[in-house]
Amino acid sequence: MLTLYHFPSSVCAAKVRLVLHEKELPWESRIIEILKGEQFQPWYVALNPNAVVPTLVHDDQAIVESAVICEYLDDVFADPPLRPADLVDRSVMRIWASDVDTYMNGICAGITYPATHRHEVLKLSPEELQRFYDGHTDKDKLARRKRLIEQGYQAPDAKHAVLVYDRFLTKLEDQLAKSGAWLTGKSYSIADAAATPYLVRLDMLNYQEWWRHFRPRLDDWYERIKARPSFRPAMIDVMPSKFMADMGTRGSGYWPEVREILKEAGAW
Amino acid sequence: MLTLYHHPASPSSAKVRFVLQEKEIPWESAIVDLYQGEQFSAAYLAINEAAVVPTLVHNGRPVRESLVICEYLEEAFPEGPLAPADLALRARMRVWCKDIETFMSVSLAGTIFPANDRHELAKLAPEQLNAYFEHHPNKRLAERKRAWMAEGYASPDARRAVLTYHKFLQKMELQLGRSEWLVGDSLSLADVETAPYVAVLELLQFQRWWVGRLPHVERWYSGIKARPAFQRAHLNIVPDQLRRDMAKRGAEIWPEVEAIIATAEPFNGKSPWAMRAEAL
């Protein structure tokens with residue numbers, strides 16, 4: 001029995017959902033309301049001491065860390081394999097999967113909070129808001145969140161995030177120029193799954209121009225990703241439709257501001 | 001044919017050497033002189049654009065990142081396994097290794113650099129030193145290194161690194177009270193990844209950090225040191241001059257480190273697995 005504790009718009013959780021669907025594994029969904037602080041409940045912290053999503057529970061064993069969960073699923077359910085058979089290609093896949101976690105996860109919040117999550121958090125009552133803030137154990141993260149919530153894209157963290165995101169898109173385009181159809185190796189792998197949620201995020205925010213304008217290989221890759229049977233159930237069906245609609249409408253309004261940040265930095 | 005590009009005093013190089021020695025894989029050694037900035041040479045950048053050691057070249061193809069190299073060796077040379085057969089345990093091993101990569105490699109730099117590396121860099125001529133910082137591909141780390149050179153442990157950043165290191169040793173203590181090795185009852189990549197982080201403290205004569213204070217860490221590290229593979233991979237490979245220099249520099253500066261440790265909040269001891277939530 002597989003149970004995934006996750007949240008629709010968490011990029012780390014999305015990556016695991018993609019792997020589950022690529023392998024056509026049946027799994028049970030348990031949403032953790034991370035914008036309401038449910039991840040800080042003691043029963044969840046007992047499963048996931050870092051209080052983050054996702055957590056996979058497989059036959060009573062809790063597996064944490066999205067990159068580790070993906071490899072675990074590939075270890076246990078080997079077919080179809082999502083790691084390159086060539087071991088050097090596999091090492092490149094691991095570097096991609098790990099770099100995405102290390103460098104892009106926080107950055108993603110930096111472009112999403114100003115456009116959307118911020119409006120969700122601002123809907124909370126003063127007590128709920130305080131509870132949300134109090135739940136954060138990482139004080140630096142909390143300070144960053146507060147700036148993003150209060151100042152939107154004009155927060156220095158948000159501008160930084162936009163530029164890092166832009167470099168990431170360039171890196172993806174360059175990698176596809178080297179590797180061909182998929183990011184690492186000859187077939188779809190965990191590296192492709194790891195990168196997908198970052199494109200979906202831009203897509204949902206209606207920031208498509210960001211990659212379509214300059215990056216033909218990435219555009220082509222994303223079209224092929226969207227055509228895979230895993231895409232819809234893992235990335236779209238799980239999102240509440242109102243959330244999707246809000247994200248699109250709000251995002252459209254912010255794209256000119258984002259493009260302006262890119263222009264100011266000479267990246268557009 | 002395996003060639004390892006590495007440095008004798010680099011903990012991430014030591015991890016890979018430890019795996020090579022445990023598995024008794026023959027390999028050729030190519031030392032990259034980090035203190036002379038050899039990692040920024042065009043030849044090295046061609047195999048490792050991040051300009052860090054180690055790089056393993058296997059039949060002409062480079063493999064980068066110490067943890068990824070260790071997993072590569074585990075899969076390419078499965079004999080003498082260093083990953084648990086139990087897959088859930090293997091996942092735990094990967095979480096531990098990942099925590100070390102994410103939190104400890106940064107803290108290691110901030111803990112070691114003020115004690116040792118800054119004295120090595122201080123030997124460079126001013127224009128060589130400038131070149132070192134200019135070639136550094138990681139601008140933020142270069143800035144931090146400049147601060148560590150100028151201020152040593154007075155830099156808030158170095159202080160934070162020492163406190164994170166301290167927390168990490170206590171987490172090890174907690175975990176090693178539950179299992180003989182860091183993950184399960186045999187040596188795994190989790191131990192391989194961790195051992196050099198303790199060994200480098202010993203080179204600096206910082207043993208008082210755990211000896212007589214953290215009995216499980218003490219027991220575990222004695223077990224590590226007793227392994228011939230670790231002796232060949234780490235203990236015997238450090239040049240005598242560097243060993244003497246590190247011991248002398250470390251002994252002199254230990255009181256500063258101890259003073260920082262004394263300011264640490266009492267360890268809450270909840271979980272060895274909450275590094276992300278609790279790293280400073």
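The values are calculated or read from the model by the stated rules, or taken from the named source; none is laboratory data. Given the structure is predicted, the values throughout are model-derived calculations rather than measurements. Cβ placement follows ideal geometry from the backbone for every residue including glycine, while neighbour counts extend to all protein chains displayed.
Remarks
- Candidate set from the stretch B:188-243 (those that are part of a helix (DSSP H, G or I) and among the small types (Gly, Ala, Ser)); member that is farthest from B:Ala262 (Cα to Cα): B:Ala229
- When B:Val217 is tested against (1) at pLDDT 95 or above; (2) under 23 Å from B:Ala91 (Cα atoms); (3) surrounded by fewer than 20 Cβ atoms within 10 Å (Cβ to Cβ), exactly one condition is not met: (3).
Yes or no, residue by residue, for (1) free of Cβ contacts under 8 Å to residues at least 60 places away in the same chain; (2) out of contact with any Leu (no Cβ under 7 Å at 6 or more places or on another chain); (3) polar (S, T, N, Q):
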residue: A:Leu4; (1), (2), (3): yes, no, no
residue: A:Cys12; (1), (2), (3): no, yes, no
residue: A:Lys15; (1), (2), (3): no, yes, no
residue: A:Trp27; (1), (2), (3): yes, no, no
residue: A:Glu38; (1), (2), (3): yes, yes, no
residue: A:Ala51; (1), (2), (3): no, yes, no
residue: A:Pro54; (1), (2), (3): yes, no, no
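- Helices (runs of 4 or more DSSP H) wholly inside the stretch A:67-134 that include at least 3 residues being within 14 Å of another protein chain (Cβ to nearest Cβ) and not hydrophobic (A, V, I, L, M, F, W, C): A:87-99
- Close pairs from the stretch A:225-253: first in contact (Cβ under 8 Å) with a residue 60 or more places away in the chain and surrounded by 14 or more Cβ atoms within 10 Å (Cβ to Cβ), partner not hydroxyl-bearing (Ser, Thr, Tyr) and not in a helix (DSSP H, G or I), Cβ under 8 Å, at least 6 apart: A:Val238/A:Pro8; A:Met239/A:Pro8; A:Phe243/A:Pro8; A:Met247/A:Leu205; A:Arg250/A:Leu205; A:Gly251/A:Leu205; A:Gly251/A:Asn206
- B:Val57 vs. criteria more than 9 Å from chain A (Cβ to nearest Cβ), touching a strand residue (DSSP E or B) at 6+ places or on another chain (Cβ under 6 Å) and over 21 Å from B:Arg140 (Cα atoms): yes
- Search result, residues across the stretch B:61-89 that are without any contact (Cβ under 8 Å) to a residue 12 or more places away in the chain, outside any strand (DSSP E or B) and more than 19 Å from the chain's Cα centre (by Cα): B:Glu75, B:Pro78, B:Pro81, B:Ala85, B:Leu87, B:Ala88
- Scan the stretch A:47-66 for residues that are more than 9 Å from chain B (Cβ to nearest Cβ) and surrounded by fewer than 21 Cβ atoms within 10 Å (Cβ to Cβ) and the total you get is 3.
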